[in-house]
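Peer 1: Dumping the structure here so I can ask a few things about it.
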Amino acid sequence: MKLASAILLSLTGWAFSIAASADDFNMQTVESKAQALVDAHYNPKPLPIPSFLKNLSPEQYSQIQDTTPLWQNENTPFQAQFYLPGSWFHQPEVIREVINGKVRPIPFNLGDFSFGHLKVPADLPSDLGYAGFRLLAPLNTPPNYNEFISFLGATYFRAVGKHAVYGTSARGLGIDTAQPSGEIFPYFKEIWLEKPQAGAQDMVVYALMDSPVATGAYRFTIQTGDSTTVQVQATIYLRKPVQVLELAPLTSMYWHGHGRGITAGDWHPAQHDSSDLVMANGNGEWLTRPIDNPLQIQTTTYNMDHPVGFGLIQEDRDFSAYQGIETQYQRRPSVWVQPVGDWGKGQVRLVELPTNNRDMDNIDVFWVPDQEPAPKTPLHFAYNLRFFLDNHGLIPLAHPVGTYLGDDPKTAGARTVVIDFGGGALTKLPGNMPIKAHLAAENGAQILSQKLEWEAKDHFWRVIAVIHPQTASPSNVRCYLTLDKQVMTNTWTYLLHAAKE
């Protein structure tokens, strides 16, 4: 069964469950707009942004704040603030509110914005419009409202739970990432914010997506607390075939840390938003792939069938691992994608780009379905996103909690690979148990040595291996632990390159 039809069957009744009456605004309304866009001439209409705003650095742009939140005096559990166009954000968004199924405009008022220490020109237009929005709730400092999710730029959004800070982002759709033809960035053309009732537990946002090659309708149901969960329901229409259709994409940053990446003189022990890609296949296998900052663009593909989920995990939660008073990487959320319905066969694809600073998102992860829908044929899909600090039992097995790489001084080109496995049932086992490491290296690589050690204080098992990959061909290395032939851990996997001479 094709992915499109499989997921469509799994969501039967979805449209009926959210529709109140034919006259009310709902997901079907947005789907109709997305379908109409497919046949219309693509016209992105960039905003005529004044040079004062267009030339702002990201740091200067962050000084502009909406000081009059929507619904601030209406006893609602959520409030909304808006972004002005400027800096990197030039695409207009028409943002409206939905009250009891009826759509109402949100008037623009330049006086609602504070500009911090910026010197604002007297002729700044009073009809600038909006480039995005963020939502607030009494999360960390009730009864005060705190920002917990932000939609700004293309189809990007990022969220935090209690006491977390922004890190990994999600996107509504990705197209042709790391392809020679160049990446295409769809954007949210229109936004509808459903006004929450008093006591509501979630916030509903609708979005209409447009791009030169695809349109789409989205419904986001957002709940916040210790973690923030976003339920995503989407319908995509392709205007024409694309090279890579990317569902549920995540974007993050990995500069360096723990023996991986290029430090380029940076004194911090680590700087990254995420440390590992974790994947759960439909056959019960869990995979952990430490992410890296490569010397050149690197794409790794993992074939999966009926995926349970995948996500970018920040493993280490100790300040000492990062030493960043300003950056607070130990508080950056992990993000998990859980498909709703059967996604069938496809690939989790990891794209790693080289970077030499912490300000560039260089990690992309997304799902590529085996079957791309034909142009103008709707693709319905749904998934849940969770932004969290603690795994809370997400990974059922023991798993890799640390990966360290080095060069072997005895053999030119060989690498020392160190993998620490902890958590799960391993925490209850004494060090004299007959744990066995299973290590394999592909593409002609040689395993020169390996050993398994037990660390009693922190209770983890450490695999230390020396591996010699082929000079021109990186090796896919895999490792897991067993006890009496029973698998005890995730499978650690990594694309290992030979050491440079």
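The values are calculated or read from the model by the stated rules, or taken from the named source; none is laboratory data. This structure is a prediction, so every number in the text was calculated from the model and none was measured. Using ideal geometry, Cβ is built from the backbone for each residue, glycine included, and neighbour counts are taken over all protein chains shown. In case anyone asks, the SASA skips ligands and DNA or RNA and just uses the protein heavy atoms, side chains included. Shrake-Rupley method; radii C 1.70, N 1.55, O 1.52, S 1.80 Å.
Peer 1: If you check every pair at least six apart or on different chains, which have Cβ atoms under 6 Å apart with a residue in segment 162-177 that is free of Cβ contacts under 8 Å to residues at least 60 places away in the same chain first and a residue that is of a type outside the set (Ser, Thr, Tyr) and part of a strand (DSSP E or B) second?
Peer 2: Hits for this filter: zero, empty list.
Peer 1: Could you go through segment 91-106 and let me know if any residue there is basic (Lys, Arg), within 20 Å of PHE220 (Cβ to Cβ) and under 29 Å from the mean Cα position of the chain (by Cα).
Peer 2: yes
Peer 1: On to the next question. For segment 178-227, which positions are open to solvent by 20 Å² or more (accessible area, probe 1.4 Å), closer than 16 Å to ALA248 by Cα and among the aliphatic types (A, V, I, L, M)?
Peer 2: Once the filter is applied, which keeps residues that are open to solvent by 20 Å² or more (accessible area, probe 1.4 Å), closer than 16 Å to ALA248 by Cα and among the aliphatic types (A, V, I, L, M), segment 178-227 yields only ILE184.
Peer 1: Within segment 141-194, track down each residue that is closer than 27 Å to ARG317 by Cβ, of a type in the set (D, E, K, R) and more than 14 Å from the chain's Cα centre (by Cα).
Peer 2: GLU147, LYS162
Peer 1: When you scan segment 257-268, do you find a residue that is hydrophobic (A, V, I, L, M, F, W, C) and under 20 Å from the mean Cα position of the chain (by Cα), even just one? Please lay out each step first, then the result.
Peer 2: The initial filter retains those residues of segment 257-268 that are hydrophobic (A, V, I, L, M, F, W, C), namely 262, 264, 267.
From what is left, the residues that are under 20 Å from the mean Cα position of the chain (by Cα) are none.
No - not one qualifying residue is present in segment 257-268.
Peer 1: For residues in segment 344-377 being assigned to a strand (DSSP E or B) and among the β-branched types (Val, Ile, Thr), which is most open to solvent (accessible area, probe 1.4 Å)? It would help to see each step written out before you state the result.
Peer 2: Start the filter on segment 344-377 by keeping residues that are assigned to a strand (DSSP E or B), which leaves 345-352, 363-369.
Among the residues that remain, those that are also among the β-branched types (Val, Ile, Thr) are: 348, 351, 363, 365, 368.
Values: VAL348: 0, VAL351: 2, ILE363: 0, VAL365: 0, VAL368: 18 Å².
Looking at the filtered set, the residue picked out is VAL368.
Peer 1: Let me ask you something else. So SER473 ticks every box in (1) polar (S, T, N, Q); (2) under 26 Å from THR301 (Cα atoms); (3) modelled with pLDDT of 95 or more but one. Which box is left unticked?
Peer 2: SER473 satisfies all of (1) polar (S, T, N, Q); (2) under 26 Å from THR301 (Cα atoms); (3) modelled with pLDDT of 95 or more except (3).
Residue by residue, here is whether (1) farther than 24 Å from ARG317 by Cβ; (2) not hydroxyl-bearing (Ser, Thr, Tyr) holds:
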residue	(1), (2)
GLN338	no, yes
GLY346	yes, yes
ILE363	no, yes
THR377	yes, no
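Peer 1: Among the candidates LYS410, LYS451, which residue alone is part of a loop (DSSP other than H, G, I, E, B) and either without any contact (Cβ under 8 Å) to a residue 60 or more places away in the chain or open to solvent by 60 Å² or more (accessible area, probe 1.4 Å) (or both)?
Peer 2: Details: LYS451 fails: part of a loop (DSSP other than H, G, I, E, B).
Criteria check complete, one pass: LYS410.
Peer 1: Next question. From the list LEU394, LEU429, LEU379, LEU353, exactly one residue is of a type in the set (A, V, I, L, M, F, W, C) and in contact with a helix residue (DSSP H, G or I) (Cβ under 7 Å, 6 or more places away or on another chain). Which is it?
Peer 2: Working: LEU394 fails: in contact with a helix residue (DSSP H, G or I) (Cβ under 7 Å, 6 or more places away or on another chain); LEU429 fails: in contact with a helix residue (DSSP H, G or I) (Cβ under 7 Å, 6 or more places away or on another chain); LEU353 fails: in contact with a helix residue (DSSP H, G or I) (Cβ under 7 Å, 6 or more places away or on another chain).
Exactly one of LEU394, LEU429, LEU379, LEU353 is of a type in the set (A, V, I, L, M, F, W, C) and in contact with a helix residue (DSSP H, G or I) (Cβ under 7 Å, 6 or more places away or on another chain), namely LEU379.
Peer 1: Please specify each residue of segment 68-99 satisfying the condition of being open to solvent by 60 Å² or more (accessible area, probe 1.4 Å) and touching an Asp or Glu at 6+ places or on another chain (Cβ under 8 Å).
Peer 2: VAL94, ARG96
Peer 1: In segment 262-270, is there at least one residue being hydroxyl-bearing (Ser, Thr, Tyr), assigned to a loop (DSSP other than H, G, I, E, B), open to solvent by 10 Å² or more (accessible area, probe 1.4 Å) and out of contact with any Cys (no Cβ under 6 Å at 6 or more places or on another chain)? Working first, answer last.
Peer 2: At the first step, the residues of segment 262-270 found to be hydroxyl-bearing (Ser, Thr, Tyr) are 263.
The next check asks that each one be assigned to a loop (DSSP other than H, G, I, E, B); those that pass are 263.
Of the ones still in play, those that are also open to solvent by 10 Å² or more (accessible area, probe 1.4 Å) are 263.
Those left that are additionally out of contact with any Cys (no Cβ under 6 Å at 6 or more places or on another chain): 263.
Yes, segment 262-270 has at least one match.
Peer 1: Right, something else. If you scan segment 381-407, which residues turn out to be surrounded by 21 or more Cβ atoms within 10 Å (Cβ to Cβ) and in contact with an Asp or Glu (Cβ under 9 Å, 6 or more places away or on another chain)?
Peer 2: If the condition is that a residue be surrounded by 21 or more Cβ atoms within 10 Å (Cβ to Cβ) and in contact with an Asp or Glu (Cβ under 9 Å, 6 or more places away or on another chain), then PHE388, HIS399, PRO400, THR403 are the ones that fit.
Peer 1: Then there's this: From GLY282, GLY341, GLY324, which residue is touching a strand residue (DSSP E or B) at 6+ places or on another chain (Cβ under 9 Å), of a type outside the set (D, E, K, R) and at positive phi?
Peer 2: That would be GLY341, the only listed residue that is touching a strand residue (DSSP E or B) at 6+ places or on another chain (Cβ under 9 Å), of a type outside the set (D, E, K, R) and at positive phi.
Peer 1: Okay, next question. Restrict the check to segment 433-455 and report whether at least one residue is within 25 Å of LEU350 (Cβ to Cβ), at pLDDT below 95 and hydrophobic (A, V, I, L, M, F, W, C).
Peer 2: So far as segment 433-455 goes, no, none of its residues is within 25 Å of LEU350 (Cβ to Cβ), at pLDDT below 95 and hydrophobic (A, V, I, L, M, F, W, C).
Peer 1: I need every pair where a residue in segment 391-404 that is within 19 Å of VAL477 (Cα to Cα) has its Cβ under 6 Å from the Cβ of a residue that is of a type in the set (Val, Ile, Thr) and open to solvent by 20 Å² or more (accessible area, probe 1.4 Å), sequence separation at least 6 or different chains.
Peer 2: These pairs meet every condition: TYR404/VAL418.
Peer 1: Right, something else. Looking at segment 106-162, which of the residues that are surrounded by 13 or more Cβ atoms within 10 Å (Cβ to Cβ) and charged (D, E, K, R) is nearest to ASP226 (Cα to Cα)?
Peer 2: LYS162
Peer 1: Given the conditions (1) within 29 Å of the chain's Cα centre (by Cα); (2) in a strand (DSSP E or B); (3) of a type in the set (Gly, Ala, Ser), which single one is not true for GLY393?
Peer 2: It is condition (2) that GLY393 fails.
Peer 1: Can you tell me which residue within segment 432-448, out of those that are open to solvent by less than 40 Å² (accessible area, probe 1.4 Å) and under 32 Å from the mean Cα position of the chain (by Cα), is farthest from LEU496 (Cα to Cα)? Spell out how you get there, then give the answer.
Peer 2: Quick first cut of segment 432-448, residues open to solvent by less than 40 Å² (accessible area, probe 1.4 Å) only: 435, 437, 439, 441, 445.
Checking which are under 32 Å from the mean Cα position of the chain (by Cα) leaves us with 437, 439, 441.
Values: ALA437: 18, LEU439: 13, ALA441: 9 Å.
Of everything passing the filter in segment 432-448, ALA437 is farthest from LEU496 (Cα to Cα).
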